[in-house]
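Engineer: What follows is a single structure, and I will ask about it in a moment.
All of the numbers you see were taken from the coordinates with simple rules; none came from a lab. All figures in this text were calculated on a predicted structure; none of them were measured in a lab. Every residue, glycine as well, gets a Cβ built from its backbone with ideal geometry; the counts of neighbours run over all protein chains shown.
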Amino acid sequence: MKTIALELNPFSLMMEPELVLQTMERSQQLRGLRRHKLRPLDKPLIPYTKEALASRAAFDAAIDAEDMEALADSDFLN
């Protein structure tokens with residue numbers, strides 16, 4: 001009876017990973033799940049214009065430049 005109570009108690013299962021694996025292997029519900037692979041999208045749903053991509057690149061470059069300046073200033077203070 002004690003082993004059944006341990007198997008049903010989620011807190012005791014968290015402390016004993018081998019019991020979790022055994023319980024998962026015996027689970028009819030887990031065996032009944034349909035399995036299929038999900039793949040990420042190959043390209044964005046909304047196509048970007050050249051102007052949008054250039055704007056994003058300029059923004060990223062400005063942020064990177066600010067980070068480099070902050071890093072250089074912090075090196076002189078230490």
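Engineer: Quick one: what are the phi-derived ³J(HN,Hα) couplings along the range 32-40, Karplus 6.51/-1.76/1.60 with θ = phi - 60°, whole Hz, x for glycine and proline?
Structural biologist: Couplings: x, 5, 7, 10, 8, 8, 10, 10, x Hz.
Engineer: What's the extension gain from T49 to H36 if we count 0.36 nm per residue and subtract their Cα-Cα distance?
Structural biologist: Extra length available between T49 and H36 comes to 1.3 nm.
Engineer: OK, next. Roughly how many nanometres apart are two label points built 7 Å out from the Cα toward the Cβ at E16 and Q28?
Structural biologist: 2.4
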